[in-house]
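Student: Have a look at the structure that comes next, please.
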Amino acid sequence: MEQLIFSTNNEHKLHEARAILGSKFKILSLSELGCFEDIAETSDTLEGNALLKARFVAQKYGVNCFSDDTGLEIAELGGAPGVYSARFAGDNKNSLANMQKVLNLLDGKENRTAQFRTVIALIFNKKEYIFEGKIIGRIATEQCGTAGFGYDPIFIPDGYNQSFAQLTESQKNAISHRALALQKMANGLSEILKD
């Protein structure tokens, strides 16, 4: 089984990636690789941050790896919080504070359209590849559900009346932005491995 390092120590992201890619690849985290450094996300784009993390790991450890960066992009807020999603309410990356800030900013607003976008940077055999997944939906008026992580309790995907945090793991993994990006990466890797 092909081994890939996922440039993250976020247990939620790791669990999702293993659930989606597990039968095809052995996914290891940064801590399992022995990397405990906090890789700075200093780019102002999702693509840039994903590449920064993947390049750091590939260059330092000489392994095949991938990294993601994800942003919640809200139309009424001009695409914010976007690349700053994790730190929207401050550098301590507090999900509850981030969600509350979004709900406060959208209070009384009719346009609640939003999208989640994940960009994955894959470095495989020293070549770089980019994959993107996105899902359109809307921001709820209050937090709903206890599953998932991040902004999941306030994001309702199109075609659903429940937030990501109210869906089952398998329901979310069938439609989410990260799942779509991971699936594109898996398909891309299948083509790469054929060559």
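The values are calculated or read from the model by the stated rules, or taken from the named source; none is laboratory data. Fair warning: this is a prediction, and the values are worked out from it, not measured in the lab. Here Cβ is always computed from backbone atoms with ideal geometry, including for glycine, and neighbour counts include all displayed protein chains. Areas reflect the complete protein model, heavy atoms only, side chains present, ligands, DNA and RNA absent. Shrake-Rupley method; radii C 1.70, N 1.55, O 1.52, S 1.80 Å.
Student: Mind listing whichever residues of region 1-32 are surrounded by fewer than 18 Cβ atoms within 10 Å (Cβ to Cβ), of a type in the set (A, V, I, L, M) and touching a helix residue (DSSP H, G or I) at 6+ places or on another chain (Cβ under 6 Å)?
Tutor: 19
Student: Would you please list the contacts, defined by Cβ atoms under 8 Å and residues six or more apart or on different chains, that run from a residue in region 28-42 that is at pLDDT 90 or above to a residue that is of a type in the set (S, T, N, Q) and in a loop (DSSP other than H, G, I, E, B)?
Tutor: Partner pairs satisfying both residue conditions: 29/8; 29/9; 30/7; 30/8; 30/9; 31/9.
Student: Tally time: how many residues in region 151-167 are open to solvent by 10 Å² or more (accessible area, probe 1.4 Å) and among the acidic types (Asp, Glu)?
Tutor: 1
Student: Residue 18: modelled with pLDDT of 95 or more and of a type in the set (Lys, Arg), yes or no? Walk me through it before giving the result.
Tutor: Numbers: modelled with pLDDT of 95 or more: no; of a type in the set (Lys, Arg): yes.
Spelling it out, it is not the case that residue 18 is modelled with pLDDT of 95 or more and of a type in the set (Lys, Arg).
Student: If you check 87, 117, which single one turns out to be crowded, with 19+ Cβ neighbours inside 10 Å and either under 15 Å from residue 164 (Cβ atoms) or without any contact (Cβ under 8 Å) to a residue 12 or more places away in the chain (or both)? Spell out how you get there, then give the answer.
Tutor: Details: 87 fails: crowded, with 19+ Cβ neighbours inside 10 Å.
That would be 117, the only listed residue that is crowded, with 19+ Cβ neighbours inside 10 Å and either under 15 Å from residue 164 (Cβ atoms) or without any contact (Cβ under 8 Å) to a residue 12 or more places away in the chain (or both).
Condition check ((1) assigned to a helix (DSSP H, G or I); (2) among the acidic types (Asp, Glu); (3) under 16 Å from residue 79 (Cα atoms); (4) open to solvent by 40 Å² or more (accessible area, probe 1.4 Å)) across all residues:
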{"site": "107", "(1), (2), (3), (4)": "no, yes, no, yes"}
{"site": "122", "(1), (2), (3), (4)": "no, no, no, no"}
{"site": "128", "(1), (2), (3), (4)": "no, yes, no, yes"}
{"site": "131", "(1), (2), (3), (4)": "no, no, no, no"}
{"site": "149", "(1), (2), (3), (4)": "no, no, no, yes"}
{"site": "171", "(1), (2), (3), (4)": "yes, no, no, yes"}
{"site": "179", "(1), (2), (3), (4)": "yes, no, no, no"}
{"site": "186", "(1), (2), (3), (4)": "yes, no, no, no"}
